[in-house]
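The values are calculated or read from the model by the stated rules, or taken from the named source; none is laboratory data. In this text the structure is predicted, and so the values were computed from the model without any measurement. Methodologically, a virtual Cβ is constructed for each residue, glycine included, from the backbone with ideal geometry; neighbour enumeration extends over all protein chains shown.
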Amino acid sequence: MPYADMGLENEQEYVYSIRSVRRVVKTLIESQDSPEVTVTPTDLIPPNAPVDLVAVPLREGIELNWRKNRERDLFGYHVYRRLPGDKTFTK
């Protein structure tokens with residue numbers, strides 16, 4: 001039987017325990033605690049892809065510019081390059 005606890009803070013440790021409940025007339029009777037389980041939620045949602053990528057030719061290379069992502073937990077960017085006809089990019 002699942003229960004979803006939403007709205008938690010990532011990287012914050014939480015401890016859970018569950019009790020079974022039975023109703024006898026107007027009284028609720030609870031079991032003992034289940035074994036505890038400890039969990040730390042982690043943000044596994046990838047950031048948005050950069051947008052408005054522009055390549056500017058320079059005398060000795062290329063300058064890339066794009067709009068900065070607004071995610072608060074963004075670590076940085078990786079730049080990948082490939083030649084026309086290549087199937088895979090290289091970091």
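Step by step: first the residues of region 5-23, then only those that are at pLDDT below 95 and of a type in the set (A, V, I, L, M, F, W, C), then the one that is nearest to Arg72 (Cα to Cα). Which residue is that?
So the residue we want is Leu8.
Using beta carbons and a limit of 9 Å, which pairs, at least six apart or on different chains, have the first residue in region 55-71 and under 16 Å from Arg81 (Cβ atoms) and the second one modelled with pLDDT of 95 or more and assigned to a loop (DSSP other than H, G, I, E, B)?
Matching pairs, first to second residue: Leu64/Val79; Trp66/Pro50; Trp66/Tyr77.
If you go through region 25-43, how many residues are of a type outside the set (Ser, Thr, Tyr) and either modelled with pLDDT under 95 or assigned to a loop (DSSP other than H, G, I, E, B) (or both)?
8
Looking at Pro46 and the list (1) under 21 Å from the mean Cα position of the chain (by Cα); (2) at pLDDT 95 or above, which single condition is not satisfied?
In the conditions (1) under 21 Å from the mean Cα position of the chain (by Cα); (2) at pLDDT 95 or above, Pro46 misses (2) alone.
Restricting the search to region 1-24, which residues are surrounded by 10 or more Cβ atoms within 10 Å (Cβ to Cβ) and not in a loop (DSSP other than H, G, I, E, B)?
Once the filter is applied, which keeps residues that are surrounded by 10 or more Cβ atoms within 10 Å (Cβ to Cβ) and not in a loop (DSSP other than H, G, I, E, B), region 1-24 yields Tyr14, Tyr16.
Checking the conditions here, which among Arg67, Arg81, Arg72 is surrounded by fewer than 10 Cβ atoms within 10 Å (Cβ to Cβ) and at negative phi?
After ruling out the rest, the residue left standing is Arg72.
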